[in-house]
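Notes follow once the structure below has been shown.
The values are calculated or read from the model by the stated rules, or taken from the named source; none is laboratory data. Every value quoted in this text rests on a predicted model; they were computed, and no experiment measured them. Note that each Cβ is placed from the backbone with ideal geometry, even for glycine, and that neighbours are counted across all protein chains shown.
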Amino acid sequence: MAAELIFNCLVGLGIVFYLIQAFSLPPTDNPTDVLGAGGLPVILGILGLVVLAAITVRVFRARIAVKIPMFDLGSLDGRSLALNVALLFAYMMLLDVIGFVLSTLLYLPIAAWFIGYRKPVALAVFTVAVTTTFTVVFGILFVVPLPRGIGQLRELSYMIY
Amino acid sequence: MDVFIQALGAVFNPLSAVLVIVGTLFGIVCGALPGLSTSMAIILCLPFTYTMSPDLAIVLLIAVYVGGACGGSISAILLKTPGTPEAVATTFDGYPMAQKGQAGMALGLAVTASSFGTIFSAIVMLMAAPLLAKVALSFQSAEYFALGLLGLSCVTSIAAKDQLKAALSVILGLMISTVGIDSINGVERFAFGQPFLLNGIHYITVMIGAFAVAEVFKNIEEYRHRDNTLQQGSVSIELMKFGEMVKMWATFVKASVIGVIIGIIPAAGGSISSLIAYGETSRSHKHDAIKFGEGNPRGIIAPESANNAGVGGALVPTMVLGIPGSPVTAVIMAAFMIIGLRPGPLLLRDQPVLLDTIFLSLVFAALLLFFGGRFVTRQFGHILKLPYPLLGTLIIALGLLGAYSFQNSFYDVIIMFIAGVGGYLFDKFKYSIPALILGLILGDLVENSLRKQIIIGDGTAMGFVTRPVSLVILLMVVFVLAWPMFSKLMGKRKSSAA
């Protein structure tokens, strides 16, 4: 129950922040635009808070425990998931630094290994095949400007896509 | 008759046949890859049409359009990652079917429904194009608002388990849709001076995060506890038997009618029609043995029929009025102009063969989709044979690429990540991700048409009820919202009487 209450509090804080911002939006010059830019956001914010309050009351009454493995770092599942979330975050951050090809070559095997895959040769083949396919299909065939990284890596990427 | 024979000659010749095959397959592949839209597929084909005759160019572009409209369902069913926005509703029942080991059946249903929807819309287009275009033009802000509300009301059927949490999910989706520049008076809202937020948060990136990335997170934590031999089975496409198809004829026809009608309305789009068709079907078949959201075949038939029926529907205002109703038809209209055709009221008079050529191209592409779609979808089906650690990382990398290539923006990737974590928590606390996406997709339409109608009405909202079409749609909204309560009440009365 505690986890859901914390979640509801965070959602509630988000809605309150949204509502404060909505109230501070400038009024419209057009007298027929009754709602203005802030009209619907204010209505949505108030409605959101009312519904959230009703849900929270129900959570209090039901008292059902919800397990969130992502935050349970003591368990193997929790650690595996948290590591994968962190890895995805690192993958995103590295995209603009070392480019798409290198970051994907790093991400795929490490993430699969952390999930529990233990066949190095198959993993290597999979990593190279997926990275090559994505680069060729998106970068070369469909001319999507994939992230190139910085410095020398950027220059090198122009030789591929 | 001469005109039809000329059109037959233009479509059914060896070169056209090759173009239909290539175009349909190319459309399916582009539709199946998140981040590559149908409009992008058509744009990529455009340079090849420069030297073609108008007939051949039309055949190719229509084939790509039909293939793209169906392709989105492949990744929606196999990976829970809708390849196109129109395939969002297909994930609701398509992915649960794939999880039960019925991926082949789900893909077969999608292909069958897409083919049916396309042929249905082609027939409607041929019979009533000018008349339908006139009706579509009568749609103004009041009708658009009512249509948006009708779309939102589907939440009662797509997230029926917990209506309160579904309502909050829709509200949160609507709130996210208000981020960016207000399109009525240009006020910056909730952007905090960040340029990437000025264009708003697009539902494609949220969808990829909340559906695909969140699903991978969920599977990672369950990976060690489940029977991982299940996913090793082969995926052979099972097309629906004629007898089974006949049993569900009403779902095919109803969804196709919804798809054609909404497709004709400019700017309404396939995602709205597929959601409304899904909502209507799940409402009218809620007592089926397999619940909606747990792998009900009608949950695939309805959105896919509606989505592809929108293809013929969307071409009606494009050709007859010169008004492209969607980004895809805008690209097609541009292509028509490049090859020397000027869409508008005079097009059908000056080019009498054109309508029949488009009709036959649609039918040809739909038939190819039905018979040849097996081959392409089977190749995608092999993905399911991968062990989950490889499949999961593949989905993440593809999702990231899809989010990035959508606007070539790194910020979209960050939004995808946030939506992924948010979607995971939504799933844990039993909130509704489809309802959130519904709010996000329809938010713009609802707010803009609501405010425009109030401005047109000098600050009053009477226009919503004084315009007959708007009033009828609003009454439908009331019916859809009140029906669950009404049927519950009736059920209680029956049980107490017994």
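Okay, here's what the table says:
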quantity: Unmet requirement for B:Arg226, which otherwise passes all of (1) modelled with pLDDT of 85 or more; (2) surrounded by fewer than 12 Cβ atoms within 10 Å (Cβ to Cβ); calculated: (1)
quantity: Subset tally (residues that are touching a residue at least 60 places away in the same chain (Cβ under 8 Å) and crowded, with 19+ Cβ neighbours inside 10 Å) for segment B:274-292; calculated: 10
quantity: Residue under evaluation A:Arg58, criteria (1) of a type outside the set (Gly, Ala, Ser); (2) under 30 Å from B:Arg451 (Cβ atoms); (3) more than 27 Å from the chain's Cα centre (by Cα), criterion not met; calculated: (2)
quantity: Segment B:39-56, residues that are among the small types (Gly, Ala, Ser) and over 25 Å from the mean Cα position of the chain (by Cα); calculated: B:Ser53
quantity: Condition met for B:Ile276 (assigned to a helix (DSSP H, G or I), farther than 14 Å from B:Val260 by Cβ and not acidic (Asp, Glu)); calculated: no
quantity: Contacts under 7 angstrom Cβ, first residue in segment A:134-161 being closer than 15 Å to B:Pro34 by Cα and within 14 Å of chain B (Cβ to nearest Cβ), partner among the small types (Gly, Ala, Ser) and in a helix (DSSP H, G or I), 6 or more apart; calculated: A:Phe134/B:Ala397; A:Phe138/B:Ser405; A:Val144/B:Ser405; A:Leu146/A:Gly139
quantity: Of residues in segment B:317-330 being surrounded by 22 or more Cβ atoms within 10 Å (Cβ to Cβ) and either at pLDDT 75 or above or more than 17 Å from B:Val66 (Cα to Cα) (or both), the one nearest to the chain's Cα centre (by Cα); calculated: B:Val328
quantity: Any hit, segment B:115-128, residues being more than 17 Å from the chain's Cα centre (by Cα) and within 13 Å of chain A (Cβ to nearest Cβ); calculated: no
quantity: Among the candidates A:Arg61, A:Arg79, residue that is under 30 Å from B:Ile396 (Cα atoms), more than 7 Å from chain B (Cβ to nearest Cβ), out of contact with any strand residue (DSSP E or B) (no Cβ under 6 Å at 6 or more places or on another chain) and among the basic types (Lys, Arg); calculated: A:Arg79
quantity: Qualifying residue in segment A:28-48 (condition: within 27 Å of the chain's Cα centre (by Cα), over 30 Å from B:Leu398 (Cβ atoms), modelled with pLDDT of 85 or more and loosely packed, with under 15 Cβ neighbours inside 10 Å); calculated: yes
quantity: Extreme residue, modelled with the highest pLDDT, among residues of segment B:84-132 that are surrounded by fewer than 20 Cβ atoms within 10 Å (Cβ to Cβ) and among the aliphatic types (A, V, I, L, M); calculated: B:Ile123
quantity: Unmet requirement for A:Pro69, which otherwise passes all of (1) more than 7 Å from chain B (Cβ to nearest Cβ); (2) over 19 Å from B:Leu450 (Cβ atoms); calculated: (1)
quantity: The listed residue being buried (at least 20 other Cβ atoms within 10 Å of the Cβ) and more than 9 Å from chain A (Cβ to nearest Cβ), out of B:Leu390, B:Leu440; calculated: B:Leu440
quantity: Segment A:21-52, residues that are under 19 Å from B:Gly457 (Cα atoms) and part of a helix (DSSP H, G or I); calculated: A:Gly36, A:Ala37, A:Gly39, A:Leu40
quantity: Hey, A:Val97 surrounded by fewer than 17 Cβ atoms within 10 Å (Cβ to Cβ), touching a residue at least 12 places away in the same chain (Cβ under 8 Å) and more than 9 Å from chain B (Cβ to nearest Cβ) or not; calculated: yes
quantity: Segment B:12-33 residues that are farther than 30 Å from B:Ala403 by Cα, paired with ones that are charged (D, E, K, R) (beta carbon under 6 Å, 6 or more apart); calculated: none
quantity: Subset of segment A:112-124 that is assigned to a helix (DSSP H, G or I) and under 13 Å from B:Pro387 (Cβ atoms) - its residue that is modelled with the lowest pLDDT; calculated: A:Ile115
quantity: Selection from segment A:58-86 of residues that are in a loop (DSSP other than H, G, I, E, B) and either under 11 Å from B:Lys218 (Cα atoms) or modelled with pLDDT of 85 or more (or both); calculated: A:Ile68
quantity: Test set (1) more than 15 Å from B:Ser115 (Cβ to Cβ); (2) in contact (Cβ under 8 Å) with a residue 12 or more places away in the chain; (3) in a helix (DSSP H, G or I) - B:Met337 fails condition number; calculated: (2)
quantity: Residue match in segment A:6-16 (condition: more than 18 Å from B:Lys452 (Cα to Cα), within 7 Å of another protein chain (Cβ to nearest Cβ) and part of a helix (DSSP H, G or I)); calculated: yes
quantity: Hits in segment B:451-487 (condition: within 14 Å of chain A (Cβ to nearest Cβ) and either in a loop (DSSP other than H, G, I, E, B) or among the polar types (S, T, N, Q) (or both)); calculated: B:Gln453, B:Gly457, B:Asp458, B:Gly459, B:Thr460, B:Ala461, B:Met462
quantity: Matching option when the condition is more than 14 Å from every other protein chain (Cβ to nearest Cβ) and among the hydrophobic types (A, V, I, L, M, F, W, C), among B:Val64, B:Val11; calculated: B:Val11
quantity: Flag for A:Val128 being more than 8 Å from chain B (Cβ to nearest Cβ), part of a helix (DSSP H, G or I) and free of Cβ contacts under 8 Å to residues at least 12 places away in the same chain; calculated: no
